[in-house]
Amino acid sequence: MVLTIDGIKCEFTQGQTVYEVAKENGVYIPVLCHHEQIKPVGACRVCVVEVEKARSLIASCAMPAEDGMIVYTNTERVLKARKLAVELLLTQGHHNCITCESSGNCVLQDLVYSLGIDTPRFNEPEKLKELEQANEMIVRDMNKCVLCGLCVRACNEVQVNQVLDYAGRGPTASVGPAFGLTYENSDCVFCGECVRICPVGALIEKQGRFKGRGKDLELVRTTCGYCGVGCQMDVNVKDGKIVKVTTPREDAPAPNNGSLCIKGRFGYDFVSNPERLTKPMIRVGGELKEATWDEAISYVAEKLGSIKKQSGPDAIAGFSSARCTNEENYLFQKFLRAVVGTNNVDHCARL
Amino acid sequence: MTNSIADLEQSDCFLITGTNTTENHPVISTFIKRAVTQRGAKLILADPRNIELAKFATVWLRHKPGTDVAWINGLMNVIVSEGLLNEKFIAERTENVEALKETVKKYTPEYVEKITGIPAEDLKKAARLYATSPASAIVYAMGITQHINGTDNVKSLANLSMITGQIGRPGTGVNPLRGQNNVQGACDMGCLPGTLPAYKKVVEAAERKPFEDAWGTALPDKPGLTIPKILDAAEHGTVKALMIMGENPMMSDPDLDHVEKALKKLDVLVVQDIFPNETTAFAHVVLPSTGWAEKDGTFSNTERRVQRVRKAVQKPGEALDDWQILSLIAGKLGANWNYTSPKDIMDEINKVTPSYAGITYDRIEKAGIQWPCPNTEHPGTPILHSAAFTRGKGLFSVCEHIPPAEETDKKFPFVLTTGRILYQYHTATMSRRSKGLVSRTPDAFIEVNPADAEKLGITQGDMVDVSSRRGSIRVSAEVSNKCDKGVVFIPFHYTEAAVNKLTNKAIDPVANIPEYKVCAVNVRKAK
């Protein structure tokens, strides 16, 4: 089956949306309330396109492609409608980019900029809403919410935690836990999927606030150090310190496809805890005293050497760690087997 | 896992047992919940506790802790008597089915109900769902393994998958969820007393040989001791030196009084770790090492996917990576190791570990690869046992129900079961130093059923004393329907209420896994 987008003939398969076909063929249509892992609803109208013989403009993210369809993504009518949609989004709330953590990484900001909206056409609204920041993980700034509903749908469709939903109508419409509860007092488990998916700056990692954003951050892709799922995540680093942990908003890799749990997303601050061990120590007279590496290594080697000599290699044993890398575990058992000469090596697999 | 995480989304039916997945493998639980809510997959949950997944379950089998062989044999009894076996799979891929049929004969739903408390009709419903769904996956964790018959529990699940042919295809399989980031890799790398890297047996000369050649030395041919036996040997004075790299047995092992006695008896205890902990308190030497954010290397996840770990920040103070510390000690003892980076070590692993031969840093730069991966052209193996089992034909093992090592009595009338919670991790050296995680669950608790609480005069938040034959702890009461009457649950993360003071060090004779999931305790309101 074939449709035409901006004059380009595009092949597609049954079930694809106009937006998906355009994306596959390199035609850019902006989206805001749409995400590849979530069912489309066509709520924000940013992705509207003109379709020949159709009465009105059509939300491309929710429109199934049809054979022979002729689509225009960039006509004056489309641009006018798109601009109006974004201007209306801007009227709701208070979009202050100056201190926003999502600045430079915000779908709304990109849209406003690319559509050249230099002054919001409609008046700024009522007084500011208070930030919800009682919990240690997530700050909710509902002044920046554009009601795209992606957080609600991610909570229900991706994580299936069933905590967030829509409430109210018209100007009082909102998203959040039931009965207007805070995240902290609801059944929220702080997986942070809503933070990952939020296209604006309404949901933010609390510990990372004012510590660096966008271009200031170096992203280091690594594997989570908690359970055995092996989630892929990006450690955001500035000035040698971890600012936050994120996952890619789109095209996120297996096995977790961008999802994390509270431990992976928010449980990293132990890394810089002042109680970290920083110097070797040897027990002297019942107390652990700081030593040099040379002293500590010599002490260990001497003890192991003399015990092996007196009692044989099987008087020595080692517990390796499921927390350490493959390379370290490999060396640990090689050390016990090839250097000490015992198979007394095990680790916490059973515990 | 025989299958892959992504594969779970293709299952038509799940049998989930001994895993509180939403808390302990939250991201894997999302695959299961999506399959159930969005595709109508069926979910059979077998768990003594009313965990979150019970909300999503088609059938919830609430068995008494320590009765797993009985209910699994019961499922097979129904499958045999109702003719729901996969005869073709059994004939082509397995052996010894007659012995299995004979064994499960007596495990009628009515007999199983008496042992387990599972209503006979629920058991029948579960058996039919599992056997007749096009693709059924078994998912389990330590609720299955941490018993004196943990090996039999796992074998029984394997029997169930083979008798119905629910293995070797997408959406099926027997899938253990591994609880720690690199527990799979530590096993793969030979940190087990009987096996070298890639599970080559230390007792087989031919399997030892390639390592002896690569490492240039003869290797010991007698299997070593497992952790519980090392601690016993330490207590008896036959093991005199213990090196611990990133473990905390003074929190994680059963019967902590015994562990303490064992550690105190050692001539030398060397601990490499990132924080002072309950075990470093007994160490003669403490060596500061690095965590995942500060080093390069690889972890192997629960689906056998080997993935990169990358250094993001500098190590603190004089800390060194564990591989550097090991190299220093080995060098001092005369070894000629010349590793300059984790990549050097992986190059050696590639050479001596057939299942990792094709998993090089270059190949996993962007995405991990699942072993077995025998060469650098091989794409990895998402599903195991698709054409044959490791030994050729799948062997049905005969397993009978046995009671737990310690049963309740007048003095200790409650069954204590232990585990983890969402907001903490293992011995909590990391998670209790994370502000957000601490804010969610600052203190230890015991889950008590409301009926038991009423009888004991306990209300929400009361401090209670919990005691076993081995020790006693004080902890606050969480009165909820999560535990059934007669059963209590305590997480093992909290040092001030270390539940492993209470647990029983009885172990499975094959795997040497302790019976953390069942011991007898008494509970009373603290005075």
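The values are calculated or read from the model by the stated rules, or taken from the named source; none is laboratory data. These numbers were taken from a predicted model, which means no experiment stands behind them. FYI the Cβ positions are ideal-geometry reconstructions off the backbone, even for glycines, and counts take in every protein chain you see.
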- Positions within the range B:293-338 being at positive phi and not in a loop (DSSP other than H, G, I, E, B), in sequence order: B:G297
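Going through the range A:296-317 one residue at a time, which ones are of a type in the set (V, I, T) and either touching a His at 6+ places or on another chain (Cβ under 6 Å) or in a helix (DSSP H, G or I) (or both)?
A:I297, A:V300, A:I307 - these are the residues of the range A:296-317 that are of a type in the set (V, I, T) and either touching a His at 6+ places or on another chain (Cβ under 6 Å) or in a helix (DSSP H, G or I) (or both).
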- Query: Can you name the number of the only condition in (1) in contact with a strand residue (DSSP E or B) (Cβ under 8 Å, 6 or more places away or on another chain); (2) of a type in the set (D, E); (3) more than 15 Å from A:Y330 (Cβ to Cβ) that B:E212 fails?
  - Reply: (1)
- Item | Verdict on B:D296 being in contact (Cβ under 8 Å) with a residue 60 or more places away in the chain and either facing another protein chain (nearest Cβ under 7 Å) or among the charged types (D, E, K, R) (or both) | no
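Would it be correct to say that A:V195 is of a type in the set (V, I, T) and within 11 Å of chain B (Cβ to nearest Cβ)?
Details: of a type in the set (V, I, T): yes; within 11 Å of chain B (Cβ to nearest Cβ): no.
Answer is no for this residue.
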- Note on the structure: Residue hits (the range A:305-327; surrounded by fewer than 24 Cβ atoms within 10 Å (Cβ to Cβ) and under 29 Å from B:E294 (Cα atoms)) are none
- Tell me which residues, restricted to the range A:246-261, are among the aliphatic types (A, V, I, L, M) and crowded, with 24+ Cβ neighbours inside 10 Å. A:L260
- Item | Scope the range A:266-292; condition facing chain B (nearest Cβ under 7 Å) and part of a helix (DSSP H, G or I); matching residues | A:F266, A:D269, A:F270, A:V271
- Message: Can you pull out every residue in the range B:3-58 that is among the acidic types (D, E) and closer than 21 Å to A:V163 by Cα?
- Response: B:E23, B:E52
- Pick from the range B:339-348, criterion in contact with a helix residue (DSSP H, G or I) (Cβ under 8 Å, 6 or more places away or on another chain) and either part of a helix (DSSP H, G or I) or crowded, with 20+ Cβ neighbours inside 10 Å (or both), ranking: farthest from the other protein chains (Cβ to nearest Cβ): B:E348
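Here's the yes/no breakdown for (1) under 17 Å from A:N25 (Cα atoms); (2) at pLDDT 95 or above:
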| residue | (1), (2) |
| --- | --- |
| A:K53 | no, no |
| A:A59 | no, yes |
| A:P64 | yes, yes |
| A:T73 | yes, yes |
| A:V78 | no, yes |
| A:V86 | no, no |
| A:L89 | no, no |
| A:Q92 | no, no |
| A:H95 | no, no |
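Considering every residue within the range B:431-440, establish whether at least one is within 14 Å of another protein chain (Cβ to nearest Cβ), touching a strand residue (DSSP E or B) at 6+ places or on another chain (Cβ under 8 Å) and within 21 Å of B:N24 (Cα to Cα). Walk me through it before giving the result.
So the first thing to find is which residues in the range B:431-440 are within 14 Å of another protein chain (Cβ to nearest Cβ), and the list is B:431-440.
Imposing the further condition that a residue be touching a strand residue (DSSP E or B) at 6+ places or on another chain (Cβ under 8 Å) reduces the set to none.
No, that holds for no residue.
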- Name the pairs: first residue in the range B:218-241 and exposed (fewer than 15 other Cβ atoms within 10 Å of the Cβ), second residue modelled with pLDDT of 95 or more, Cβ to Cβ under 7 Å, at least 6 apart or on different chains? B:A218/B:E212; B:D221/B:V202; B:D221/B:V203; B:D221/B:R208; B:K222/A:N343; B:G237/B:K265
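In the set A:G93, A:G116, A:G42, which member is under 30 Å from A:K244 (Cα atoms) and not acidic (D, E)?
A:G93 is the lone residue from the list that is under 30 Å from A:K244 (Cα atoms) and not acidic (D, E).
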- Could you please let me know if A:R337 is within 8 Å of chain B (Cβ to nearest Cβ), in a strand (DSSP E or B) and within 27 Å of B:G237 (Cβ to Cβ)? no
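Being in contact with a helix residue (DSSP H, G or I) (Cβ under 9 Å, 6 or more places away or on another chain) and within 7 Å of another protein chain (Cβ to nearest Cβ) narrows it down to one residue among B:V285, B:V352; which is it?
One residue alone meets the criteria, B:V285.
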- Item | Answer residue from the range B:189-217, given it is at the interface with chain A (Cβ under 7 Å from one of its Cβ atoms) and surrounded by 19 or more Cβ atoms within 10 Å (Cβ to Cβ) and is farthest from B:W323 (Cα to Cα) among those | B:V202
- Checked the range A:198-218 for anything at the interface with chain B (Cβ under 9 Å from one of its Cβ atoms) and without any contact (Cβ under 8 Å) to a residue 60 or more places away in the chain; matches are A:E218
- If you take the residues in the range B:271-292 that are in a loop (DSSP other than H, G, I, E, B) and over 26 Å from the mean Cα position of the chain (by Cα), which one is nearest to B:N182 (Cα to Cα)? B:A283
- Task: Would you check if there is a residue in the range A:241-248 being over 24 Å from A:E184 (Cβ atoms), within 13 Å of the chain's Cα centre (by Cα) and more than 9 Å from every other protein chain (Cβ to nearest Cβ)?
- Result: yes
- Taking the range B:299-334, which residues are among the basic types (K, R) and either buried (at least 24 other Cβ atoms within 10 Å of the Cβ) or more than 7 Å from every other protein chain (Cβ to nearest Cβ) (or both)? B:R304, B:R305, B:K311, B:K315
- Item | Residue ranges of helices (runs of 4 or more DSSP H) in the range B:161-270 with at least 1 members of a type in the set (F, W, Y), more than 25 Å from B:T503 (Cα to Cα) and in the same structural domain as B:Q324 (by TED's automatic domain parsing) | B:205-215
- Select, from B:A367, B:A357, the only residue that is surrounded by fewer than 24 Cβ atoms within 10 Å (Cβ to Cβ), within 29 Å of the chain's Cα centre (by Cα) and facing chain A (nearest Cβ under 7 Å). B:A367
- Count, please, the residues in the range B:474-506 that happen to be among the aliphatic types (A, V, I, L, M) and touching a Ser or Thr at 6+ places or on another chain (Cβ under 8 Å). 7
- Applying the selection to the range B:469-496, what residues are touching an Asp or Glu at 6+ places or on another chain (Cβ under 8 Å), crowded, with 21+ Cβ neighbours inside 10 Å and either assigned to a loop (DSSP other than H, G, I, E, B) or not assigned by TED's automatic domain parsing to the domain that holds B:K517 (or both)? B:C483, B:Y494
